[in-house]
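All remarks here apply to the structure that follows.
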Amino acid sequence: MSFRITMSSTCAQLCLRRIGVLCSKTSTRLHYVQSQHRIIRTASSALVNRGSFTNGSLTATQTRQRFKQQMCYLNDDSTAKYLTTEAKEHKYEGLAKTDSSEYSPALLPTTNTLPVPENEICLDLDCEVSFSALEEISDEEAVSILVPSIPPDSFTLRDYVDKSETLTKLVQLGVSLWKLEQRPYVGTMLLKMDFSRDVEPRLMFLKQIGVEDSCLSHIITHNPFILNMDLEDLQTRVNYLRSKKFDAETVAAMVSKAPYLLNFSVMRLDNRLGFYQRQLKLSPTKTRNIVSRLPRLLCGSLEPVKENLKVCRLELGFREDEIKDIVIAVPKVLTANKKKLTQIFDYVHNTMKVPHLLIIKFPQVFNTKFLRIKERHLFLEYLGKAQYDPTQPSYIALDRLVSLPDETFCTDLALATLEDFNLFQKTL
């Protein structure tokens, strides 16, 4: 029974010792945190009393440096005290395991400091101190701020023109960079190019095939990808066009009108030429004539062309030979908007009472604006001069109706003044 009482008292003493050690740790850490707050407030007040806020003798940079030095000194001292307290706590734990006598732990850290190597002290002063973005800095500090000369990314090529030889030369050539930067990946492609290696040989090639200097900027603005094309492939496509009896001047004019022409392979160009020749039953000479006047026929999709040919045959009521005559006269009929074709034909044929035969004779009516035809016809009808039958007096041909400028139309056809025509337009 006495043995059990002795064991119980011994266990109780050990528990009290352990609780005393834990209380010592907690109170020590709380004391350290409170001392850190007092140190920071003391250092800040000392800095205000001795800094530029009182006597105006220190600049913002000198104030910041002095504050950091004081913080380093105070933190070194406090850290050493904390480490000393930790070491003594470990010592107390060792005594608790070996010594059976009662021990009363200290509640305050000791004043003796242990030497701490500098490489073991890690202070983050930037987290402790924050400065206002509106703080004034000296001229020397402003000059020492490093700013990248070329931005890593931008929404415009304007930021890179002064640093890129390629962009500088293209601007001098007259290329519209604002149009190129709106297209995906084109700006990055141009920045990666070397002018002497990539751009200059393609420009020289275009000049050699007969393209005028004034057209170079137009070609690159609309087709910058030609600067990535292989020179041998470009030369092969030019040789193919020459083999189809397109002369050098015609090839140069076609490239200027259709900048994407040389981007397509020889097989694609040959297929397009064969399509128009078979579909419209044209001779090689007439096929070359149509393509040279509208070279984008070789670049665009064939679906709109097939759709327009079907509209002319089924909805407008023209025969195949009549469609061929219209296309030879006005090749743009093949690529025109289908709604525009049907709207113009409906107004000319059903409202103006012009038969198919006269429309085929003057197909330029499909190459003008619908509003222009309507306004002039209504003005002639208001004056009583809307006569489109060639067998009747005061006959007015369709080509003159749509091609003459307003002043000539008023004086020669309407026999009125331009002011009268302008006033009539306001009534529509």
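The values are calculated or read from the model by the stated rules, or taken from the named source; none is laboratory data. These figures come from a predicted structure and were not determined experimentally. Glycine gets a Cβ as well: all are built from the backbone with ideal geometry, and neighbour counts include every protein chain shown. Surface areas here come from the heavy atoms of the whole protein model, side chains and all, with no ligands, DNA or RNA. Shrake-Rupley method; radii C 1.70, N 1.55, O 1.52, S 1.80 Å.
So here's what we get for this one:
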read-out: Criterion: buried (at least 17 other Cβ atoms within 10 Å of the Cβ) and at pLDDT below 95 - qualifying residue of VAL402, VAL348; value: VAL402
read-out: Positions within the range 383-422 being assigned to a helix (DSSP H, G or I), under 19 Å from HIS349 (Cα atoms) and not basic (Lys, Arg), in sequence order; value: LEU398, ASP399, LEU401, VAL402, SER403
read-out: Among residues of the range 168-192, those that are open to solvent by 20 Å² or more (accessible area, probe 1.4 Å), in a loop (DSSP other than H, G, I, E, B) and either within 18 Å of HIS222 (Cβ to Cβ) or in contact (Cβ under 8 Å) with a residue 12 or more places away in the chain (or both), counted; value: 7
read-out: Residue in the range 243-261 that is of a type in the set (D, E, K, R), farther than 22 Å from GLY210 by Cβ and touching a helix residue (DSSP H, G or I) at 6+ places or on another chain (Cβ under 9 Å) present; value: no
read-out: Extreme residue, least open to solvent (accessible area, probe 1.4 Å), among residues of the range 386-399 that are farther than 13 Å from MET352 by Cβ and of a type outside the set (Ser, Thr, Tyr); value: ASP399
